[in-house]
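Participant: Have a look at this one.
The values are calculated or read from the model by the stated rules, or taken from the named source; none is laboratory data. Treat the numbers as computed from the prediction; the structure is a model and nothing was measured. Here the Cβ positions follow ideal geometry from the backbone for every residue, glycine too, while neighbour counts run over all protein chains shown. Heavy atoms of the whole protein, side chains included, go into the accessibility calculation; ligands, DNA and RNA do not. Shrake-Rupley method; radii C 1.70, N 1.55, O 1.52, S 1.80 Å.
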Amino acid sequence: MPNIFQNVINKASGLTRQTALYAGNAFDRVFRAASLVQAGQTPFETLHSDGLVSLRYYPPLAEDFIDLDDEEIPVARQSHKTPIVIVPPLAVNMLIYDLFPQRSLVRFLRAKGFEVYLIDWGVPTREHTHYNMHTYVAELLPAYLNRVREHSGEQELSLHGWSMGGMFTLFYSALSKDQHIRNAIVLGSPIDSHASGLIGVLYQRISDVAELVRERTGFRLHNLQPHWFHTPGWANTLGFKLTNPIGSVMGYWELIVRLGDREFVTNHATTSAFLDRMVAYPGGIIQDTMVRIWIDNQLSDGKIQIGDDWARLENVNANLLAIAGETDTLATPGAAKRVMDHVSSTDKTFRVIPGGHMGILAGSKAPRASWREMAEWLAERSN
């Protein structure tokens, strides 16, 4: 009999400890989520800021090794000659590039011997609602690339752009005809938007309606004031999650199921810190993107209107590495691959890797699927 009682007591004690663990993790995830977030730990210097946009520089790492995907990577002490400039998309916060200490793109590139710069577009407000494609591609981007050149002492640069950042990279090169962009890496950027799965089909239908309206009434979305299109950060967060609603719901369901796993709870809080803190889209950018990229699908013909000018992809002749996600619903492989038809680059590579729109940049499979290959590709073309 004493053994039976002892077993009951032990089981009850185990359940109590387990309950306390679940309760503690749940409390921290809901009320102390910021303390769990591991993102944004790689040191950087802010070289310049205009009050909205800022330029970051990631100095050499102090450690001799970094952890990446359960493997130690030696930190290179000799830098490649050509710096790399990360050109992010709008609406996202910069945590995505430094998501985990063991899965940080900026830390990895720095460890591989690249001088790493990042343009942080900041948090636009209603004051910036008139900012459009021309503002970013023809004004801000060239100004900040010049500052990179001044700081690094190098004219030739490599650009890395994900999503809209990839489009900015291509548009800048096409519009400016900058011959000192040596390498361009673009990820998840739709060139033929009407070929982008269900979203593409939807915009094909919208395009038909828009053309009919234009013919009969002369009305165009650009006739409206940009402030009508200004999109707050919470709306961008919701829109991003709705591109994969099942995955978003399952993520929280898995959190409940694995609430006793402290590491999983910490990782969930860190990923959510990026997803739940998206920033506003200026109205002018929404107008240009909706009309010229999605409705009119101008890029499928290899050009796009930027302000009063036209950026022609045939002017892009940098070494090009284009990457698409196998399960990306925003920029399907078919939509992204069309870049190969239009650029004049003689050295150009297109790759499809596992992952969705976010996963190809910073997902758990990204280091093995693309980061290592990208670093090797870049190293061969950066000295």
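Participant: Just one of Asp347, Asp288 is buried (at least 20 other Cβ atoms within 10 Å of the Cβ), over 16 Å from the mean Cα position of the chain (by Cα) and over 30 Å from Asp70 (Cβ atoms); which is it? Give the steps one after another, and end with the answer.
Facilitator: On the way: Asp347 fails: buried (at least 20 other Cβ atoms within 10 Å of the Cβ).
Step by step, each of Asp347, Asp288 is checked, and only Asp288 is buried (at least 20 other Cβ atoms within 10 Å of the Cβ), over 16 Å from the mean Cα position of the chain (by Cα) and over 30 Å from Asp70 (Cβ atoms).
Participant: Would you be able to say whether some residue in the range 202-218 is without any contact (Cβ under 8 Å) to a residue 12 or more places away in the chain and of a type in the set (Gly, Ala, Ser)?
Facilitator: yes
Participant: Further question: Quick one: which residue in Ile185, Ile191 is over 21 Å from Leu55 (Cα atoms), touching a His at 6+ places or on another chain (Cβ under 8 Å) and at pLDDT 95 or above? Full working, then the answer.
Facilitator: Details: Ile185 fails: over 21 Å from Leu55 (Cα atoms).
Of Ile185, Ile191, the one residue that is over 21 Å from Leu55 (Cα atoms), touching a His at 6+ places or on another chain (Cβ under 8 Å) and at pLDDT 95 or above is Ile191.
Participant: Criterion first (open to solvent by 40 Å² or more (accessible area, probe 1.4 Å), in contact with a helix residue (DSSP H, G or I) (Cβ under 8 Å, 6 or more places away or on another chain) and aliphatic (A, V, I, L, M)) does Val352 satisfy it? Spell out how you get there, then give the answer.
Facilitator: Working: open to solvent by 40 Å² or more (accessible area, probe 1.4 Å): yes; in contact with a helix residue (DSSP H, G or I) (Cβ under 8 Å, 6 or more places away or on another chain): yes; aliphatic (A, V, I, L, M): yes.
Answer is yes for this residue.
Participant: Still on this structure, please answer the following. Restricting attention to the range 312-330, report how many residues are among the small types (Gly, Ala, Ser) and either free of Cβ contacts under 8 Å to residues at least 24 places away in the same chain or farther than 16 Å from Thr169 by Cα (or both). Walk me through how you get there before you give the answer.
Facilitator: We begin by selecting, within the range 312-330, every residue among the small types (Gly, Ala, Ser); these are 318, 322, 324-325.
Narrowing the set further to residues that are either free of Cβ contacts under 8 Å to residues at least 24 places away in the same chain or farther than 16 Å from Thr169 by Cα (or both) leaves 325.
Qualifying residue count for the region: 1.
Participant: Mind checking which pairs have a first residue in the range 173-192 that is without any contact (Cβ under 8 Å) to a residue 12 or more places away in the chain and a second that is open to solvent by less than 20 Å² (accessible area, probe 1.4 Å) and among the polar types (S, T, N, Q), Cβ under 9 Å, 6 or more apart or different chains?
Facilitator: That search, which allows pairs on different chains as well, returns nothing.
Participant: Then there is this: Which residue, of Arg110, Arg147, Arg103, Arg126, is within 19 Å of Ala184 (Cα to Cα), open to solvent by 30 Å² or more (accessible area, probe 1.4 Å) and in contact (Cβ under 8 Å) with a residue 40 or more places away in the chain?
Facilitator: Details: Arg110 fails: open to solvent by 30 Å² or more (accessible area, probe 1.4 Å); Arg103 fails: within 19 Å of Ala184 (Cα to Cα); Arg126 fails: within 19 Å of Ala184 (Cα to Cα).
Unique residue meeting the criteria: Arg147.
Conditions (1) assigned to a strand (DSSP E or B); (2) out of contact with any strand residue (DSSP E or B) (no Cβ under 6 Å at 6 or more places or on another chain); (3) over 21 Å from His130 (Cβ atoms); (4) at pLDDT 95 or above, marked per residue:
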position	(1), (2), (3), (4)
Arg277	no, yes, yes, no
Met290	no, yes, no, no
Gln305	yes, yes, no, yes
Ala311	yes, no, no, yes
Glu314	no, yes, yes, yes
Asp328	no, yes, yes, no
Ala336	no, no, yes, yes
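Participant: Can you give me the number of residues within the range 351-365 that are more than 13 Å from Thr327 (Cβ to Cβ), more than 11 Å from the chain's Cα centre (by Cα) and either part of a loop (DSSP other than H, G, I, E, B) or in contact (Cβ under 8 Å) with a residue 40 or more places away in the chain (or both)? Walk me through how you get there before you give the answer.
Facilitator: As a first pass, look at the range 351-365 and keep what is more than 13 Å from Thr327 (Cβ to Cβ): 351, 361-362, 364.
Among the residues that remain, those that are also more than 11 Å from the chain's Cα centre (by Cα) are: 351, 364.
Restricting the remaining residues to those that are either part of a loop (DSSP other than H, G, I, E, B) or in contact (Cβ under 8 Å) with a residue 40 or more places away in the chain (or both) gives 364.
Residues meeting the conditions: 1.
Participant: Give the number of residues within the range 216-230 that are part of a helix (DSSP H, G or I) and exposed (fewer than 11 other Cβ atoms within 10 Å of the Cβ). Explain how you work it out, then say what you get.
Facilitator: Initially, the range 216-230 is screened for residues part of a helix (DSSP H, G or I), giving 216-217, 221-223, 226-229.
Checking the rest, the ones that are also exposed (fewer than 11 other Cβ atoms within 10 Å of the Cβ) come to 216-217, 223.
Qualifying residue count for the region: 3.
Participant: Can you tell me which residue among Ala138, Ala184 is closer than 27 Å to Asp308 by Cα and open to solvent by less than 10 Å² (accessible area, probe 1.4 Å)? Lay out the reasoning, then the answer.
Facilitator: Values: Ala138 fails: open to solvent by less than 10 Å² (accessible area, probe 1.4 Å).
Only one candidate passes the filter, namely Ala184.
Participant: Being in a loop (DSSP other than H, G, I, E, B), among the polar types (S, T, N, Q) and open to solvent by less than 30 Å² (accessible area, probe 1.4 Å) is the filter here, so list the residues in the range 39-77 that pass it. Let's see the steps before the verdict.
Facilitator: Initial filter on the range 39-77 (in a loop (DSSP other than H, G, I, E, B)): 39-44, 50-53, 59-64, 69-70, 75-77.
Now restrict to residues that are among the polar types (S, T, N, Q): 41-42.
Thr42 - this is the single residue of the range 39-77 that is in a loop (DSSP other than H, G, I, E, B), among the polar types (S, T, N, Q) and open to solvent by less than 30 Å² (accessible area, probe 1.4 Å).
Participant: Oh, and also: When you scan the range 242-250, do you find a residue that is surrounded by fewer than 20 Cβ atoms within 10 Å (Cβ to Cβ) and at pLDDT 85 or above, even just one?
Facilitator: Start the filter on the range 242-250 by keeping residues that are surrounded by fewer than 20 Cβ atoms within 10 Å (Cβ to Cβ), which leaves 242-250.
This time we only want the ones that are at pLDDT 85 or above, so: none.
No, there is no match, as no residue in the range 242-250 is surrounded by fewer than 20 Cβ atoms within 10 Å (Cβ to Cβ) and at pLDDT 85 or above.
Participant: Just name the residue that is modelled with the lowest pLDDT out of those in the range 150-164 that are open to solvent by 20 Å² or more (accessible area, probe 1.4 Å) and of a type in the set (Gly, Ala, Ser). Reasoning before the result, please.
Facilitator: Looking only at the range 150-164, we keep the residues that are open to solvent by 20 Å² or more (accessible area, probe 1.4 Å), and these are 150-156, 163.
From the residues that got through so far, the ones that are of a type in the set (Gly, Ala, Ser) too are 152-153, 163.
Details: Ser152: 97, Gly153: 97, Ser163: 94.
Checking each candidate, the answer is Ser163.
Participant: Quick one: how many residues across the range 103-136 are touching a His at 6+ places or on another chain (Cβ under 7 Å), of a type outside the set (Ser, Thr, Tyr) and not in a helix (DSSP H, G or I)? It would help to see each step written out before you state the result.
Facilitator: First, the residues of the range 103-136 that are touching a His at 6+ places or on another chain (Cβ under 7 Å): 113-114, 126, 129.
Keeping just the survivors that are of a type outside the set (Ser, Thr, Tyr) gives 113-114, 126.
From the residues that got through so far, the ones that are not in a helix (DSSP H, G or I) too are 113-114.
Result for the range 103-136: 2.
Participant: Here's something else I'd like to know. Name the single residue, out of those in the range 62-85 being under 23 Å from the mean Cα position of the chain (by Cα) and among the hydrophobic types (A, V, I, L, M, F, W, C), that is nearest to Glu376 (Cα to Cα). Give the steps one after another, and end with the answer.
Facilitator: Taking the range 62-85 as the starting set, the residues that turn out to be under 23 Å from the mean Cα position of the chain (by Cα) are 66-69, 82-85.
Subsequent filtering for residues that are among the hydrophobic types (A, V, I, L, M, F, W, C) retains 66, 68, 84-85.
Working: Ile66: 17, Leu68: 16, Ile84: 13, Val85: 17 Å.
Ranking the candidates gives Ile84 first.
Participant: May I pose another question? Just one of Ile191, Ile185, Ile119, Ile181 is in contact with a Ser or Thr (Cβ under 6 Å, 6 or more places away or on another chain) and β-branched (Val, Ile, Thr); which is it? Before the answer, list the steps.
Facilitator: On the way: Ile191 fails: in contact with a Ser or Thr (Cβ under 6 Å, 6 or more places away or on another chain); Ile185 fails: in contact with a Ser or Thr (Cβ under 6 Å, 6 or more places away or on another chain); Ile119 fails: in contact with a Ser or Thr (Cβ under 6 Å, 6 or more places away or on another chain).
Result: Ile181 is the single residue among Ile191, Ile185, Ile119, Ile181 that is in contact with a Ser or Thr (Cβ under 6 Å, 6 or more places away or on another chain) and β-branched (Val, Ile, Thr).
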